[in-house]
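Step one of this worksheet: look at the structure below.
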Amino acid sequence: MTDETVPFMLKDEVDRVHPVNDRARKRAEDAGLFPRRIRLALQCRASDRSDINERQADPVAWAQPARA
């Protein structure tokens, strides 16, 4: 169950949208092709839901250099 009112997506929810392993996702984050994770706590990282939704709507435009 997803709750669209929560501003963050944890790993299991992001995996449903972008099904790649952690290493590939980290490389995509470093290359600016996927939104960076945010540290919520010492052992907890999450992704911003609005960034993920923007990227899913248009991945090519999201990854343009103007984004950096």
Could you check segment 9-68 and list, in sequence order, the residues that are aromatic (Phe, Trp, Tyr) and in a helix (DSSP H, G or I)?
Trp62
Going through Ala46, Ala41 one at a time, which residue ends up being closer than 21 Å to Ala57 by Cα, modelled with pLDDT of 90 or more and aliphatic (A, V, I, L, M)?
Ala46
Name the residues in segment 4-26 that are without any contact (Cβ under 8 Å) to a residue 24 or more places away in the chain and of a type in the set (Lys, Arg), would you?
Arg16, Arg23, Arg25, Lys26
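The values are calculated or read from the model by the stated rules, or taken from the named source; none is laboratory data. The structure presented is a predicted model; accordingly, all values stated were derived computationally and were not measured. Don't worry about glycine lacking a Cβ; one is built from the backbone with ideal geometry, like all the others, and counts go over all protein chains shown.
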